[in-house]
Amino acid sequence: MGRTSDIRKSISKAKLDVTLPENLVNKIANDVKKSKYVTPFTLSEKYEIKISTAKKILKILEMRGILKLYSSGSRTPIYVPV
């Protein structure tokens with residue numbers, strides 16, 4: 001429980017404190033309502049963002065009630081508009 005555990009804690013906190021531009025999230029929210037389904041890959045291709053960022057945005061939109069998780073497969077979650 002020495003120095004390495006403190007370093008790991010600070011690294012994990014830093015990863016969680018990523019801020020996303022609100023205008024990007026709102027733009028994606030408007031576009032997602034028109035589609036049949038959304039995956040992190042489709043968002044990353046369309047908006048040229050990283051897949052990890054696309055996953056975070058999809059989770060945000062799910063918490064806001066805009067999307068619903070349809071399938072949480074072993075690799076790729078699939079979301080549908082509500």
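Those residues that are surrounded by 12 or more Cβ atoms within 10 Å (Cβ to Cβ) and of a type outside the set (Ser, Thr, Tyr), I need them from region 51-67; list them, please.
ILE51, ALA54, LYS55, LYS56, ILE57, LEU58, LYS59, ILE60, LEU61, GLU62, ILE66, LEU67, listed by residue number.
In region 45-62, which residue that is charged (D, E, K, R) and touching a helix residue (DSSP H, G or I) at 6+ places or on another chain (Cβ under 7 Å) is farthest from LYS33 (Cα to Cα)? Let's see the steps before the verdict.
Let us first name the residues in region 45-62 that are charged (D, E, K, R), namely 45-46, 48, 50, 55-56, 59, 62.
Next, from what is left, pick out any that are touching a helix residue (DSSP H, G or I) at 6+ places or on another chain (Cβ under 7 Å): 50, 55.
Numbers: LYS50: 21, LYS55: 17 Å.
Top of the filtered list is LYS50.
Each value in this text was obtained by applying a stated rule to the coordinates, not by laboratory testing. All figures in this text were calculated on a predicted structure; none of them were measured in a lab. Note that each Cβ is placed from the backbone with ideal geometry, even for glycine, and that neighbours are counted across all protein chains shown.
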